[in-house]
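I have placed the structure first, in the form of C-alpha cells, so that the comments after it can refer back to it.
The values are calculated or read from the model by the stated rules, or taken from the named source; none is laboratory data. The shown structure was predicted, so the numbers you read here are calculated from the model rather than taken from an experiment. Cβ coordinates were reconstructed from backbone atoms using ideal geometry, including for glycine residues, and neighbour counts include every protein chain displayed. SASA here: full protein model, heavy atoms, side chains in, ligands and nucleic acids out. Shrake-Rupley method; radii C 1.70, N 1.55, O 1.52, S 1.80 Å.
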Amino acid sequence: MERLEQLDCVVIGGGVIGMAVARRLALAGREVVLLEAEDAVCMHTSSRNSEVIHAGLYYAQDSLKARLCVTGRQALYAYCEERRIPHRRLGKLIVAGDAAELARLDSIAARARANGVEDLQRLTAAEIAELEPAVRGAGGLLSPSSGIVDSHALVSALQADLEAAGGVVVCRSRVAGIDLAADGFTLAMADAGFSASCRTLVNAAGLWAAEVARSIRGFPERLVPAMHLAKGHYFTLQGKSPFSRLVYPVPVDGGLGVHVTLDIQGTARFGPDVSWVESVDYGFDESRKGAFVEAIRRYWPELDPEKLSAGYTGIRPKLSGPGMPAADFLVQGPERHGVPGLVNLFGIESPGLTAALPLAEAVCASI
C-alpha cells in the first residue's frame with residue numbers, strides 16, 4: 001500500500017534555483033524536501049550553459065532580471081569565496097564587429113548604467129587588441145565584474161547547506177499529479193511508492209515548470225504561460241585558448257550570440273547558438289559548425305576550424321519565442337494566483353545562475 005508522507009515544504013526541481021530556494025527555506029527553519037525527477041541533481045539547464053556570472057548589462061531597467069542579476073552577482077561572488085567554490089572574475093569584452101554595431105554598444109552601456117552597473121568601460125579597436133590580441137572589433141565594452149563559476153560545485157555547496165539545515169534531497173521522484181487540499185497540497189509520485197502532502201509548494205522545475213503547474217488539479221490553465229524552448233550548441237576549442245577574458249558579440253534575437261567562455265580549467269568554449277525546439281533533446285547537430293565558424297571569425301579572424309570540436313547542448317526555458325521581446329522572470333506567488341503556499345517559477349533562464357541567491361530570497365518572501 002502506498003504510504004503518505006506529511007511534509008512542511010516541498011520544492012520540485014534540483015537545479016540551481018530549486019536548490020537555492022530549498023536551502024533558503026531550510027535556513028529559515030522550515031522542514032524542506034526537494035524532489036528531483038532525475039537520477040541526480042543539476043542535470044539540465046543549470047549545468048548545460050556558459051557558467052557565466054553576469055554583471056547585469058542587458059536587462060530592462062527595473063525588471064526582475066536586472067535587479068536580481070546585479071544583487072545576485074555580488075551575493076554569488078561572496079558565497080563562492082565563503083564556500084571555496086571554483087570561480088574566476090575574468091571580465092568580459094563585448095565587441096562590435098563593425099561600425100554599424102557601435103550604436104548598439106551605446107545602448108548596452110546606457111542600460112547597464114540604469115541597472116546600477118558602474119564599472120563598464122568603453123574601448124577603442126586598439127584597446128581591444130591590447131587587452132585581447134586575438135580579438136578584432138570596431139569598438140567594445142569591458143565589463144570587469146563578469147566572471148565564471150563551476151555550476152556543479154555551486155549546486156553541491158547549496159545542497160550541503162540545505163542538508164546541514166535539516167533539508168532532504170530525494171532523486172528519482174517525478175511528480176505525476178498534484179491536488180489542492182484545505183491545508184495545502186497532495187502530491188502523487190510516479191513510481192516512487194509514496195505520495196506526499198505539504199503546506200508549501202515551490203515549482204522550480206525549469207524546462208518542465210509549465211507541465212508541473214498544469215498537473216495541479218484546479219489551478220487555472222489561463223495562469224500557466226506558454227513556454228518556448230531555445231536550444232543552444234557549444235563547440236570546444238582544442239589546445240590552448242588565446243583568450244584571457246570572456247568575449248561576446250552584440251546580442252542577437254533569443255540570446256547573447258555565439259560567445260567565448262572559459263571553464264575553470266581555462267578551456268575555451270563557443271556558444272550558444274539559438275534554435276527553437278518543441279521538446280527536450282540534447283542531440284548535437286555538427287552541421288551547425290559552419291555557422292559557428294562564420295560567427296566566431298567576426299571577432300577572431302584567425303580561428304582554425306579544425307580545432308573546433310562538438311561540445312554539448314543546452315536548452316533554455318523562455319517566456320518569449322522567436323521575434324518576441326525578451327520576457328522577464330515570472331515569480332508567480334499567492335498574490336498573483338490566490339493559492340496559499342504555492343510559488344511557480346516560469347522562464348528562469350539567463351541570468352538565473354547569477355540571480356539564484358536573491359531569487360530564492362524573493363520566493364521565500366512571497367510565501
Whole-Å distance, taken between Cα centres, linking region 195-265 and region 125-170:
16
Across 61, 265, 74, the residue with the highest GNM fluctuation in the chain (Cα network, 10 Å cutoff) is 265
So in the chain, what percent of DSSP beta bridges are antiparallel if you round to the nearest 5?
65
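Can you give the extra length, in nm with one decimal, that the chain gains between residue 160 and residue 38 once fully stretched, where that is 0.36 nm per residue apart less the Cα-Cα distance? Present the calculation step by step, with values, prior to reporting the outcome.
Working: separation 122, 0.36 × 122 = 43.92 nm, distance 1.85 nm.
Value of the extension gain: 42.1 nm.
Under a Cβ-Cβ cut-off of 10 Å, what is the net charge of the residues other than residue 172 that fall near it, where Lys and Arg count +1 and Asp and Glu count -1? Working shown, then result.
On the way: positive: 174; negative: 36, 38, 39, 191.
Net local charge, residue 172 excluded: -3.
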Nearest-0.05 FRET efficiency for residue 304 and residue 366, computed from C-beta distance (R0 41 Å)
0.20
Which of (1) 69, 40, 40; (2) 58, 43, 39; (3) 63, 50, 39 is the computed Cα extents along the principal axes in Å for the structure on display?
(1)
Separation between the residue 221 and residue 78 pseudo-spin-labels, each 7 Å from Cα along Cα→Cβ, expressed in nm?
4.6
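Hey, can you find the accessible area per residue of the chain for me, probe 1.4 Å, expressed in square angstrom? Mind dumping the intermediate values first?
Working: 15270 Å² over 367 residues.
Normalised by residue count, the accessible surface of the chain is 42 Å².
What shape does region 219-367 take by its C-alpha gyration tensor, where a ≥ b ≥ c are the square roots of the eigenvalues and a/c under 1.5 counts as rounded, a/b above b/c as prolate, and the rest as oblate?
In terms of gyration-tensor shape, prolate.
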Highest-MSF residue in the chain out of 89, 245, 24 [GNM, Cα springs under 10 Å]
89
Using a Gaussian network for the chain with springs between C-alpha atoms less than 10 Å apart, which of these wobbles most: 171, 42, 69?
171
Summed side-chain charge close to residue 331 - residues other than residue 331 whose Cβ falls under 12 Å, Lys, Arg +1, Asp, Glu -1:
0
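How large a share of the accessible area of the chain, in percent, is made up of carbon and sulfur atoms when the probe is 1.4 Å and the other protein chains stay in place? Before the final figure, lay out each step's value.
Numbers: 7590 of 15270 Å².
Its accessible area is 50 percent carbon and sulfur atoms.
Please give the length that would be gained between residue 336 and residue 267 if that part of the chain were fully extended, namely 0.36 nm times their separation in residues minus their C-alpha to C-alpha distance (nm, one decimal).
Numbers: separation 69, 0.36 × 69 = 24.84 nm, distance 4.38 nm.
Working it through step by step, the gained length comes to 20.5 nm.
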Between the alpha carbon centres of region 43-104 and region 295-318 the gap in Å comes to 19
Dividing the mean separation of Cα pairs under 8 Å (6+ apart) by the residue count of region 290-347 yields a relative contact order in percent of 24
In nanometres, what is the gap between the two model label sites at residue 125 and residue 287, each 7 Å from Cα along Cα-to-Cβ?
3.7
